[in-house]
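Report on one structure; see the data block that follows.
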Amino acid sequence: MRQLHIELKDHSYDIRIENGLLEHLVFYIEEIYQGEKVYIVTDDNVAKIYLDAVRENLCSHYQVESVVIPHGESSKSLEIYAKLCEMLLEKEIRRNHLLIALGGGVIGDLTGFVSATLYRGLPYVSIPTSLLSQVDSSIGGKTGIDFYQRKNILGAFKQPKAVLIDPNTLKTLPAEEFNNGMGELIKHGVIGNVSLLRRLKEHPVIDEDVIYESLTVKKKVVESDEFDTGNRMILNFGHTFGHILELKRNLRHGEAVSLGMLMVIRMGMDLNLTPSYCYRELKELLEQFHLPAVPPDYKNHFREIIFDKKNISGTIQMILIKDFGQPILYPVSEKEIGR
Ligand SMILES: NC(=O)c1ccc[n+]([C@@H]2O[C@H](COP(=O)([O-])OP(=O)(O)OC[C@H]3O[C@@H](n4cnc5c(N)ncnc54)[C@H](O)[C@@H]3O)[C@@H](O)[C@H]2O)c1
Ligand SMILES: [Zn+2]
């Protein structure tokens with residue numbers, strides 16, 4: 001078992017990472033909740049595999065209700081948000097009851113948002129089951145839904161009471177979902193944990209320790225910038241180009257971030273900031289995990305970004321690296337890139 005403590009001003013919490021954790025879930029829930037009733041929110045995919053066992057486990061101590069919504073990003077909508085609140089109210093949820101988010105990032109973001117807003121806030125616990133949610137979305141307190149064709153535009157900061165991770169759930173995750181999380185996991189290594197990169201290279205298995213090491217990077221950033229007003233920006237490493245490729249090439253987010261990281265490292269090399277071995281080693285690691293590793297030329301896309309942002313000065317703040325584990329915010333101008 002590995003454990004991390006997220007230390008925030010008003011609402012600190014623990015993250016537990018343990019193979020087989022779901023089999024004695026009630027033990028961990030009891031640590032943080034002494035009430036009578038819990039409400040599990042999950043999606044249809046995850047429900048099929050895990051809901052019965054989780055319900056049964058919790059039934060020994062609590063009255064358990066559950067709500068199942070359709071899987072996929074389209075559930076992060078105002079309609080499903082309303083429907084979910086309605087179903088919870090029909091099942092007589094009160095403000096002192098506990099919500100349990102059982103699923104990937106979609107379930108986490110949506111349940112967290114309900115937890116931030118229903119009754120002006122009620123407690124929730126996160127049980128992330130996808131790799132992306134285990135290493136990324138379940139910590140940091142960002143919750144929300146998509147609206148007006150924009151992602152995460154309605155939302156709130158809401159910290160969970162606890163995050164409970166069972167790496168065994170990754171065994172049932174489809175390969176493409178695994179890759180999606182792998183992109184962010186490797187990103188954490190690149191911006192903040194050199195030993196994680198070494199470990200992945202020598203022993204490419206995702207276990208309790210790897211999840212732990214990846215989370216230590218986001219933990220540090222989140223603790224230093226709870227409300228995303230500065231330092232959290234480094235988590236966007238690889239995302240400026242990544243977002244463009246995600247749309248244009250119809251790639252999964254994690255795949256697009258993989259290419260985005262290589263592009264921004266190439267940019268750093270051209271600016272004499274990033275040593276070339278970083279490019280070589282990251283490319284090898286991405287290939288090892290079956291992630292795309294042949295990026296397009298970043299220069300065309302850079303001009304596009306400047307144009308898109310109507311950036312008259314022709315300068316953009318980029319997150320580059322001086323080496324693995326050494327991110328730096330760096331203003332890059334169109335002129336420099338045109339060289
Ligand atoms: N809040 C944050 O800080 C933050 C950070 C990054 C991403 N996100 C959000 O996270 C979401 C993406 O999360 P995701 O990739 O987990 O997507 P997801 O929740 O849609 O899960 C991916 C798919 O895997 C299935 N699944 C999940 N766990 C499974 C398991 N153990 N076995 C079998 N199937 C399983 C789900 O049903 C779904 O079909 C996006 O909406 C994104 O905006 C939020
Ligand atoms: Zn991302």
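The values are calculated or read from the model by the stated rules, or taken from the named source; none is laboratory data. Small disclaimer: the values here were computed from a predicted structure and weren't measured. Ideal geometry is used to build each Cβ from the backbone, glycine not excepted, and the neighbour counts take in all protein chains shown. Please note that ligands, DNA and RNA were not included when accessible areas were found on the heavy atoms of the full protein model with its side chains. Shrake-Rupley method; radii C 1.70, N 1.55, O 1.52, S 1.80 Å.
Things to note:
- The residues in the stretch 27-46 that are under 20 Å from ILE93 (Cα atoms) and within 15 Å of ligand 1 (Cβ to nearest atom) can be counted, and the count is 4.
- Residue that is surrounded by the fewest Cβ atoms within 10 Å (Cβ to Cβ) [pool: residues in the stretch 110-126 that are among the aromatic types (Phe, Trp, Tyr) and farther than 12 Å from ILE145 by Cα]: TYR119
- Qualifying position, being surrounded by fewer than 22 Cβ atoms within 10 Å (Cβ to Cβ) and at pLDDT 95 or above, among LYS187, LYS158: LYS158
- Candidate set: the stretch 238-271, residues that are within 16 Å of ligand 1 (Cβ to nearest atom) and either acidic (Asp, Glu) or in contact with a strand residue (DSSP E or B) (Cβ under 6 Å, 6 or more places away or on another chain) (or both); chosen: the one farthest from PRO295 (Cα to Cα): GLU246
- In the stretch 233-262, the residues that are open to solvent by less than 30 Å² (accessible area, probe 1.4 Å), within 12 Å of ligand 2 (Cβ to nearest atom) and either out of contact with any Phe, Trp or Tyr (no Cβ under 7 Å at 6 or more places or on another chain) or among the β-branched types (Val, Ile, Thr) (or both): LEU235, PHE237, GLY238, HIS239, GLY242, GLY254, ALA256, VAL257, SER258
- If you go through the stretch 216-232 and keep only what is within 15 Å of ligand 2 (Cβ to nearest atom) and buried (at least 19 other Cβ atoms within 10 Å of the Cβ), you end up with VAL217, LYS218, VAL221, VAL222.
- Entirely in the stretch 1-89, the strands (runs of 3 or more DSSP E) that have 3 or more residues that are open to solvent by less than 70 Å² (accessible area, probe 1.4 Å) and within 24 Å of LEU154 (Cα to Cα): 37-43, 63-69
- So PRO275, is it touching a residue at least 60 places away in the same chain (Cβ under 8 Å) and either touching a Gly at 6+ places or on another chain (Cβ under 8 Å) or open to solvent by 40 Å² or more (accessible area, probe 1.4 Å) (or both): no
- Checking each residue in the stretch 288-325 for being under 24 Å from the mean Cα position of the chain (by Cα), surrounded by fewer than 18 Cβ atoms within 10 Å (Cβ to Cβ) and under 14 Å from PHE237 (Cβ atoms) picks out GLN317, ASP323, GLY325.
- Pair list, Cβ under 6 Å, 6 or more apart: the stretch 182-196 residue under 17 Å from LYS283 (Cβ atoms) and within 13 Å of ligand 2 (Cβ to nearest atom), other residue polar (S, T, N, Q) and open to solvent by less than 10 Å² (accessible area, probe 1.4 Å): GLY183/SER258; LEU185/SER214
- The stretch 110-156 - residue that is assigned to a helix (DSSP H, G or I) and touching a Lys or Arg at 6+ places or on another chain (Cβ under 6 Å) and, of those, farthest from ligand 2 (Cβ to nearest atom): TYR119
- Inside the stretch 127-155, residues that are free of Cβ contacts under 8 Å to residues at least 40 places away in the same chain, surrounded by fewer than 24 Cβ atoms within 10 Å (Cβ to Cβ) and touching a helix residue (DSSP H, G or I) at 6+ places or on another chain (Cβ under 7 Å) make up a count of 1.
- Residue match in the stretch 96-108 (condition: assigned to a loop (DSSP other than H, G, I, E, B), modelled with pLDDT of 95 or more and either outside the structural domain of LYS158 (by TED's automatic domain parsing) or open to solvent by 30 Å² or more (accessible area, probe 1.4 Å) (or both)): yes
- Flag for LEU285 being touching a Lys or Arg at 6+ places or on another chain (Cβ under 7 Å), crowded, with 17+ Cβ neighbours inside 10 Å, assigned to a helix (DSSP H, G or I) and not assigned by TED's automatic domain parsing to the domain that holds GLY105: yes
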